[in-house]
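Below: the structure, in structure tokens.
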Amino acid sequence: MKDEKPSVRVVDDDLFEILGIPDAPEERARVDLAAAITLEIRRRGLTQSRAAALLGISQPDVSAIMNARIDGFSQERLERLLNALDMEVRIQVGPRPQGQARAGITVQLVEAF
């Protein structure tokens, strides 16, 4: 059996709303930020203990983030953790995209700015 790395799966934008999750756009943003943290930790090949030291949090907190258990993490805290990983977080504000029923929050992972 090959050593397969677990993948991060992108879900449909409406899934959170379909599931009736309160504040769906905000929750989706937090999940996406946690996924970005997880991807960067994996990309660097960091252990959870090493990631915890780098981020200034406990290893159990790193485990929680990497397993999408983010109830105790605000969007701002997740953004600060990305900064600790030397990842730039940019917030853009603009008109609602045409064809989108309502304005929301979107997280987009990019290779470079």
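For the range 18-45, a tally of residues being of a type in the set (A, V, I, L, M, F, W, C) and closer than 19 Å to Glu88 by Cα returns 9. Against the conditions (1) within 28 Å of Gly104 (Cα to Cα); (2) outside any helix (DSSP H, G or I); (3) aliphatic (A, V, I, L, M); (4) touching a Leu at 6+ places or on another chain (Cβ under 8 Å), Ile57 satisfies every one except (1). All conditions in (1) in contact with a helix residue (DSSP H, G or I) (Cβ under 7 Å, 6 or more places away or on another chain); (2) not in a helix (DSSP H, G or I) hold for Thr38, with the sole exception of (2). Scanning the range 79-98 for residues that are in a helix (DSSP H, G or I) and free of Cβ contacts under 8 Å to residues at least 12 places away in the same chain, we see that the one that is nearest to Val110 (Cα to Cα) is Asn83.
Would you be able to say whether some residue in the range 64-78 is among the hydroxyl-bearing types (Ser, Thr, Tyr), part of a helix (DSSP H, G or I), out of contact with any Cys (no Cβ under 8 Å at 6 or more places or on another chain) and surrounded by fewer than 13 Cβ atoms within 10 Å (Cβ to Cβ)? For the range 64-78, residues among the hydroxyl-bearing types (Ser, Thr, Tyr), part of a helix (DSSP H, G or I), out of contact with any Cys (no Cβ under 8 Å at 6 or more places or on another chain) and surrounded by fewer than 13 Cβ atoms within 10 Å (Cβ to Cβ): absent. Taking the range 81-110 as the range and being within 15 Å of the chain's Cα centre (by Cα) and over 19 Å from Arg28 (Cβ atoms) as the test, the residues that pass are Asn83, Ala84, Leu85, Asp86, Glu88.
Filtering the range 67-90 to residues that are β-branched (Val, Ile, Thr) and within 18 Å of Arg43 (Cα to Cα) leaves only Val89.
Just to be sure, is Glu40 in contact with a Leu (Cβ under 6 Å, 6 or more places away or on another chain) and charged (D, E, K, R)? When the stated conditions are applied, Glu40 passes them.
Of all residues in the range 19-43, how many are surrounded by fewer than 16 Cβ atoms within 10 Å (Cβ to Cβ), without any contact (Cβ under 8 Å) to a residue 12 or more places away in the chain and of a type in the set (D, E, K, R)? Qualifying residue count, the range 19-43: 2.
Computed from the coordinates by the stated procedures, all read-outs in this text should not be read as laboratory data. Predicted model, so just to flag it, every value in this text is computed and none were measured. Ideal geometry is used to build each Cβ from the backbone, glycine not excepted, and the neighbour counts take in all protein chains shown.
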